[in-house]
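What follows is one structure encoded as structure tokens, with my remarks underneath.
Coordinate-derived values only; no laboratory data. This is a predicted model, so every value here is computed, not measured. Cβ: placed from backbone, ideal geometry, glycine included. Neighbour counts: every protein chain shown.
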Amino acid sequence: MDSPILDLAGITLEVNHLPRGVRFYTHLFGLDLTRHDDDKGVAEFRVNDSQSLTLWKPITRRKNDERLGKLRARGASHLHFAWQVQEADLERCKTILDAYDVHWTELDLGTPERPDRTLYFYDPFGHGLELRGVNLSDERQPTFPPKPTERSAHALPVIGLREAAIGFSDYDAMKERLPRAYGFCFVKEQDDRDFAQFVLSPRPELDGDGTPQRWLYCWDPQIGLADMHGGDHATLKFYADVDAVARRVAQAGLEHGHDDLGLVVRDPEGHVFEFVHP
Ligand SMILES: [Fe+2]
């Protein structure tokens with residue numbers, strides 16, 4: 001049966017200093033700041049036509065977002081997440097990171113015949129970021145395909161959010177729950193570590209080799225490649241067939257809220273997933 005999950009819509013990060021976060025993501029990434037509310041501790045950026053990045057600074061006795069706050073949502077701590085860039089732009093990204101004095105590490109996740117290069121670095125809050133080359137003409141397309149984007153020549157030429165990697169202390173329960181209780185589409189597991197890959201798309205497709213698809217990676221509390229942590233108490237937003245996810249969530253008995261904007265669910269491990277209509 002097809003998965004009701006259609007694509008990755010947004011990622012929310014926890015930060016301890018909102019202006020520093022706004023500077024980092026505005027200058028280095030050239031993202032448009034669509035909202036900056038110091039009183040609420042919220043900054044929102046537009047990544048492209050379909051995806052957003054949100055920063056939340058926790059503030060006592062106030063919620064960053066009333067609706068998500070009902071489920072005690074927090075921004076992710078030490079989240080590993082990846083951005084999509086065109087493969088031809090990866091070399092230029094190194095120069096831009098150097099200009100901002102951001103230390104990066106390069107890995108090749110492909111093969112000698114088909115390299116799949118990727119750059120890793122950290123933001124000022126301990127989130128582990130990655131720039132992954134994508135091939136825009138690949139057959140494996142997400143619901144909202146990334147497109148070339150105009151950005152400042154001094155900013156990283158990112159075109160979309162690619163993946164979020166989050167941690168689960170009970171890995172086996174996660175592996176059973178995510179497909180059953182939400183409908184996430186499991187693709188594969190790593191041989192050498194507890195690391196499950198879910199494609200954010202109705203049908204299973206393989207990862208790698210420049211795919212423009214979006215991904216949810218779930219692992220136990222391990223340090224992955226390039227010393228990247230999976231996020232704790234992550235808040236992630238997905239495009240989905242909301243009613244289909246809602247039926248699963250209700251049957252699984254998970255804590256949730258459902259309104260005109262969509263469905264918000266608190267996972268037993270403290271992550272909060274928001275599902276919205278495409
Ligand atoms: Fe990654």
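State which entries of 57/175; 70/237; 57/237 exceed 20 angstrom in Cα-Cα distance in the structure shown. Provide the component values of the computation, followed by the final result.
Values: 57/175 31 Å; 70/237 16 Å; 57/237 18 Å.
Beyond 20 Å between Cα atoms: 57/175.
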Once both labels are modelled 7 Å past Cα along the beta-carbon direction, what's the residue 98-residue 248 spacing in nm?
4.5
Of 142, 179, 157, which is the most mobile in a GNM of the chain whose springs link Cα atoms less than 10 angstrom apart?
179
Counting pairs of Cα atoms in segment 5-276, how many percent are more than 31 Å apart?
21
Placed amide H near residue 123: partners under 5 Å, 5+ positions off or other chain
129
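Would you please classify the overall shape of segment 60-200 from the alpha carbon gyration tensor, given that a ≥ b ≥ c denote the square roots of the eigenvalues, rounded means a/c under 1.5, and beyond that prolate means a/b larger than b/c while oblate covers the rest?
Numbers: a/c = 1.72, a/b = 1.26, b/c = 1.36.
Note, shape of segment 60-200 comes out oblate.
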Are there any trypsin sites (Lys or Arg not before Pro) in segment 224-278 that are in a DSSP loop and have at most 16 other Cβ atoms within 10 Å? List them by number.
none
Extent of segment 155-278 along each principal axis, from alpha carbon coordinates, in Å, largest to smallest?
39, 34, 27
I'd like the distance separating the alpha-carbon centroids of segment 39-106 and segment 122-185, in whole Å.
12
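Could you calculate the contour length gain from residue 63 to residue 225, that is, 0.36 nm times the residue separation minus the distance between their Cα atoms, to one decimal place in nm?
Working: separation 162, 0.36 × 162 = 58.32 nm, distance 3.36 nm.
Full-extension gain reported as 55.0 nm.
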Full-stretch length increase - residue 91, residue 105 - with 0.36 nm per residue and alpha-carbon distance subtracted
3.8 nm
Among 52, 137, 77, whose mean-square fluctuation peaks in a Gaussian network model of the chain (Cα, cutoff 10 Å)?
137
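Could you calculate the FRET efficiency of residue 72 with residue 32 from 1/(1 + (r/R0)^6), where r is the beta carbon distance between them and R0 is 30 Å, rounded to 0.05?
0.55
Can you tell me the order of 9-17, 35-43 when each peptide is scored by its average per-residue count of other Cβ atoms within 10 angstrom, highest first?
Values: 9-17: 21.4, 35-43: 15.3.
For the peptides 9-17, 35-43, the packing ranking is 9-17, 35-43.
Provide, as a two-decimal number, the C-alpha radius of gyration of segment 85-139 over 2.2 N^0.38 Å, N being how many residues it has. If you can, show how the numbers build up before the last one.
Details: Rg = 12.1 Å, N = 55, 2.2 N^0.38 = 10.1 Å.
With N residues counted in segment 85-139, Rg over 2.2 N^0.38 Å equals 1.20.
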Restricted to the chain, the DSSP antiparallel beta bridge percent, nearest 5, is 70
